[in-house]
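Heads up: the structure comes next, in structure tokens.
Each reported figure results from applying straightforward, stated rules to the coordinates on display, with no laboratory input. Not measured: the values here are computed from a predicted model. Cβ: placed from backbone, ideal geometry, glycine included. Neighbour counts: every protein chain shown.
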Amino acid sequence: MPIFFRDNRRLTLIPLAESILRLELTWPFPLIAVGVAKSLDPLFVGVGLIFAFLPWVARLIVIGRLTRFALISDPLLLFTVAGLMGAAVAYDPALSWPMMLTLLGSINLFYAVVNTSVDGWWMAKGAVIGAALVAFYFVGQYGHFDYPLEFGRVVNLGRQTGNLLPSFVFFTPHPNAAAAFLEGVLFLNLILLWPGHPHPSKSRITVATILWGATFIFISYALLISRSRGSWVGLLAAVGIWGILSISNLKHRLMAGVLAIGGVTLAVFLVASILIKSQNRFLVSLLETSHSRFVLYRNSFYLLKDYIFTGVGLGEVFALVYSRYQLLIPVPFLTYTHNLFLAIGFGMGFLGLVALMWLLISYYQFVVRVEQIGDEPSTRTLFRATWLGVTVNFIHGLTDSPQFASPGWTMPMLFLLLGLTIAVGRPAYAETRRRQAGVTRLKWDRRRARLVLVGLIMLLSLGSLFWRPLLSAGYANLGAFYQTRADLAPNLGGDARADSSSRAAAYFERALILDPGNAVANRRLGILLLDRTDFEQAIIHLEPALQREPHNQATLKALGLAYLWTGALDRSEELLFRLDPLGDLINQLEGWRWWWRTQQRPELSRYADEMLQRLPSRTW
């Protein structure tokens with residue numbers, strides 16, 4: 001219900017608020033631009049936040065509430081809280097806040113799409129045109145971009161076509177990021193060419209048809225030369241889902257789904273077998289990429305346990321944390337996790353993961369309900385194209401997560417598509433709610449209340465049984481936070497740095513009192529002692545950590561180095577040569593050999609040299 005006033009203030013405010021709402025889709029972009037530009041200038045941030053805040057006030061004045069039905073408001077609120085917590089614990093907030101601002105702007109864009117009076121088809125056209133402009137830039141400048149690690153026939157084709165235009169490069173997008181931005185709108189672009197479009201002209205071939213055909217070609221070609229396998233897999237899966245949903249008979253639909261899964265599995269196996277025998281260059285590259293991703297995921301999973309409750313913060317924080325505490329090297333190696341779940345876990349901690357799962361469950365429950373009730377053909381087509389575009393993003397998110405990698409310029413497109421799904425499917429969803437009114441609705445509410453009650457009882461029961469390990473994990477997380485701050489925080493005074501290091505050790509010891517076998521506390525305390533050159537004490541903590549985590553590369557390396565610096569070369573060799581990849585060990589040992597010599601520790605330099613002498617005897 002709209003807000004009423006006793007005087008004439010309403011007559012003044014309502015026209016102004018309505019004017020603001022007419023431009024609702026534009027207000028989030030200043031904040032998004034500030035985040036993507038990584039600007040923390042108070043003036044720019046303040047202006048972006050004010051613009052993002054205006055529609056909320058305007059909606060409260062005009063419609064009497066902050067937002068219309070948005071379905072996933074609760075998980076998005078939890079996302080916001082978790083993201084703010086992550087930014088607060090980041091060792092350098094300046095690295096995390098730009099991505100947080102982009103997230104806030106993207107969530108604001110979601111609500112703008114949900115609440116706007118603009119027709120869904122027009123928003124779809126706007127999204128496609130925006131993607132087409134990005135595709136034109138990506139395709140037209142591909143030959144001028146610096147992609148030294150990209151190779152193959154498709155890349156060579158992209159470089160040839162990308163040299164036809166003069167260079168006007170102002171930003172070099174990562175190919176996977178470009179694919180993530182474009183993949184979600186491809187189905188929207190396709191249905192704009194569909195004969196069932198709600199506003200067909202008398203002639204089949206029109207200027208609009210040519211326009212949408214051109215955008216479809218540009219976007220498809222950009223996706224091709226991006227060489228984003230995750231994007232291709234997501235698109236193929238979405239095409240298969242659309243085809244299966246087009247079958248009206250439920251039994252036939254289920255049968256088609258089973259056959260599709262079995263056929264794809266068999267085809268992949270047969271093609272892979274043929275390509276392996278032929279030593280196909282593409283397959284070799286794919287296998288190498290798969291192996292490196294597996295190593296990254298395994299290492300990231302172990303490291304995530306160190307910060308499971310708080311995360312480390314969104315943005316560029318992950319790079320140095322991963323290198324310092326998982327690879328045990330002092331320089332950044334990888335900038336992000338290449339997985340949506342790991343990226344959110346690192347950025348926002350456990351609350352972020354809960355928010356993501358909550359969002360996925362709520363969103364696809366909404367999709368199922370709307371698909372079941374159906375709608376008039378054009379709206380159903382638009383709805384399906386939108387949620388399948390989101391699905392492509394989530395499938396791609398299993399192997400990459402550019403939305404949560406700095407600078408995060410692909411994130412707004414994901415939230416735009418999420419909002420468009422809700423906006424287009426809302427009338428049909430309201431119909432399902434109407435049908436559930438009365439006794440059926442009451443039964444469902446009671447069933448849901450029972451499920452919530454049972455869930456709470458289970459959580460309390462598990463908490464009472466495992467409170468010591470949980471509290472121990474919390475102390476270990478606090479210790480990891482203070483250790484990261486002591487090691488990596490810029491502009492931290494010597495006394496403050498020493499205090500943070502002491503606090504880290506104290507929290508690790510508290511964790512070990514509650515759970516002596518806590519792998520995180522033992523490993524992190526062992527690394528801390530290793531940095532202090534207290535090698536014997538480091539071994540005492542790293543050995544039980546290895547028993548709990550026998551495949552954790554950080555524990556293997558830390559304990560292997562501790563053995564090495566105490567002269568136990570055989571035990572050190574056994575652990576160090578289990579590292580994957582092993583090749584990086586040579587450069588690191590050469591660095592250690594030089595470092596210990598400069599520190600007047602010739603015996604340690606000699607140990608590093610002796611370990612280097614053992615390398616040629618190993619099979620690589």
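Fewest-first ordering of 458, 611, 99, 357 by other beta carbons within 10 Å of each residue's beta carbon gives 458, 357, 611, 99. Taking 7 Å steps out from each Cα toward its Cβ at residue 54 and residue 39 produces label points 1.6 nm apart. Distance between the C-alpha centres of the stretch 470-529 and the stretch 83-112: 25 Å, rounded to the whole angstrom.
Each of 174, 291, 541 has some number of other Cβ atoms within 10 Å of its Cβ, and from fewest to most they run 291, 174, 541.
How high is the FRET efficiency from residue 609 to residue 350, r the C-beta distance, R0 51 Å, rounded to 0.05? For R0 = 51 Å, the calculated efficiency reads 0.70. A Förster radius of 30 Å combined with the Cβ-Cβ distance from residue 208 to residue 239 puts the calculated FRET efficiency at roughly 0.80.
Taking square-rooted eigenvalues a ≥ b ≥ c of the alpha carbon gyration tensor, is the stretch 465-617 rounded, prolate or oblate, where a/c under 1.5 means rounded and, failing that, a/b exceeding b/c means prolate?
oblate
Residue by residue, the stretch 349-366 carries 3J(HN,Hα) couplings of x, 4, 4, x, 5, 4, 4, 5, 5, 4, 4, 4, 5, 5, 5, 7, 5, 4 Hz when phi is fed to the Karplus relation 6.51 cos²θ - 1.76 cosθ + 1.60 (θ = phi - 60°); x denotes Gly or Pro.
The slack between residue 129 and residue 531, meaning 0.36 nm per residue of separation minus the straight C-alpha distance, is 139.4 nm. Residue separation of residue 466 and residue 94 scaled by 0.36 nm, minus their Cα-Cα distance, works out to 130.2 nm of gained length.
Taking 16 Å as the straight-line reach from the Cα of residue 125, the aspartates and glutamates in range (excluding those fewer than 8 positions away in the same chain) are 183. Computed extension gain for residue 298 through residue 168, at 0.36 nm per residue and net of the alpha carbon distance, reaches 42.8 nm. Placing R0 at 51 angstrom, the Cβ-Cβ distance between residue 291 and residue 18 gives a FRET efficiency of 0.35 after rounding to 0.05. Cβ crowding within 10 Å ranks 219, 20, 129 as 129, 20, 219, fewest other Cβ atoms first.
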